[in-house]
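The values are calculated or read from the model by the stated rules, or taken from the named source; none is laboratory data. Please read all numbers here as calculations on a predicted model, not as lab measurements. Reconstructed Cβ throughout: ideal geometry from the backbone, glycine too, with neighbour counts over all protein chains shown.
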Amino acid sequence: MLLVGMLDSPYVRRAAITGTLLGLEFEHRSVSVFRHMPEFSKINPLIKAPTLVADDGTVISESLLIIQHFEDVAGRSLRPTEAGARVRDLSLTGIGIVAADKAVSVEYERKRPEERRYANWQERILTQLHTALDLLDQAAKRGELSAGPELRPGDIAAAIAWGFCRFVIPEFVEEARWPALAAQARACEALDVFKAWPIDRE
């Protein structure tokens, strides 16, 4: 299998870490959807990161679907098996994904020329981002997010979202406001599997 995309993408990084934790072997190729568009389009004409090229050559877009394929290949999931814990993990994973999504939106929006920025939209996406971080921080305080020993998808999504926020938009995400989430993310980043897939803009 071939995973394509830059590790400064929270979606690429989450897929890579999940695949590794599932014990899968795959190649990773750092290709930018901006700087390497012709190269990326040859792999996936949608120019979507992450992209996975399965063993039979099938191209899969979207990180959630890539992770689903990883689970199919591995024959297992990182999610808890108990129904209540499983539902809670789904909820936390979704919140982590929203946090990453809104951080990406904040980053893209501020790259627009000043005259093309829409203040109401900027306020909305920043509020959504902060709300997601509030929810994750509360979950971390309740002990619902951890750094293992067995990482769940919610743990991974939360830590990666926080790391991405601090990497690209630190001025909008002060560590002091979300101390429990920050501590959980730091503990995850200290793990070998996170170190194997560091945030990178090579």
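In summary, helices (runs of 4 or more DSSP H) completely within region 99-202 and bearing 2 or more residues that are among the acidic types (D, E) and on the phi < 0 side of the Ramachandran plot occur at 119-141.
Listed here are the residues, each with its yes/no results for (1) surrounded by 21 or more Cβ atoms within 10 Å (Cβ to Cβ); (2) closer than 21 Å to I160 by Cβ; (3) of a type in the set (V, I, T); (4) within 14 Å of the chain's Cα centre (by Cα).
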site: Y11; (1), (2), (3), (4): yes, yes, no, yes
site: T18; (1), (2), (3), (4): yes, yes, yes, yes
site: L21; (1), (2), (3), (4): no, yes, no, no
site: S30; (1), (2), (3), (4): no, yes, no, no
site: M37; (1), (2), (3), (4): no, no, no, no
site: S41; (1), (2), (3), (4): no, no, no, no
site: P50; (1), (2), (3), (4): yes, yes, no, yes
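Among residues of region 25-53 that are over 25 Å from D72 (Cα atoms), those with a Cβ under 8 angstrom from a residue that is of a type in the set (S, T, N, Q), sequence gap 6+ or separate chain, pair up as F40/S32; F40/T51.
S105: within 18 Å of P50 (Cα to Cα), touching a helix residue (DSSP H, G or I) at 6+ places or on another chain (Cβ under 8 Å) and of a type in the set (S, T, N, Q), yes or no? Steps first, please.
Numbers: within 18 Å of P50 (Cα to Cα): yes; touching a helix residue (DSSP H, G or I) at 6+ places or on another chain (Cβ under 8 Å): yes; of a type in the set (S, T, N, Q): yes.
So S105 fits the description; yes.
If the requirement is being under 13 Å from the mean Cα position of the chain (by Cα) and surrounded by fewer than 16 Cβ atoms within 10 Å (Cβ to Cβ), which of these qualifies: P170, P179, P198?
P198
Just one of the numbered conditions (1) over 30 Å from F70 (Cα atoms); (2) at pLDDT below 95 is not true of T127: (2).
One residue stands out in region 149-166 among those that are under 17 Å from the mean Cα position of the chain (by Cα) and either aliphatic (A, V, I, L, M) or surrounded by fewer than 16 Cβ atoms within 10 Å (Cβ to Cβ) (or both): the one that is farthest from P10 (Cα to Cα), namely L151. Among the residues of region 11-45, the ones that are part of a loop (DSSP other than H, G, I, E, B) and within 20 Å of L64 (Cα to Cα) come to 11 in all.
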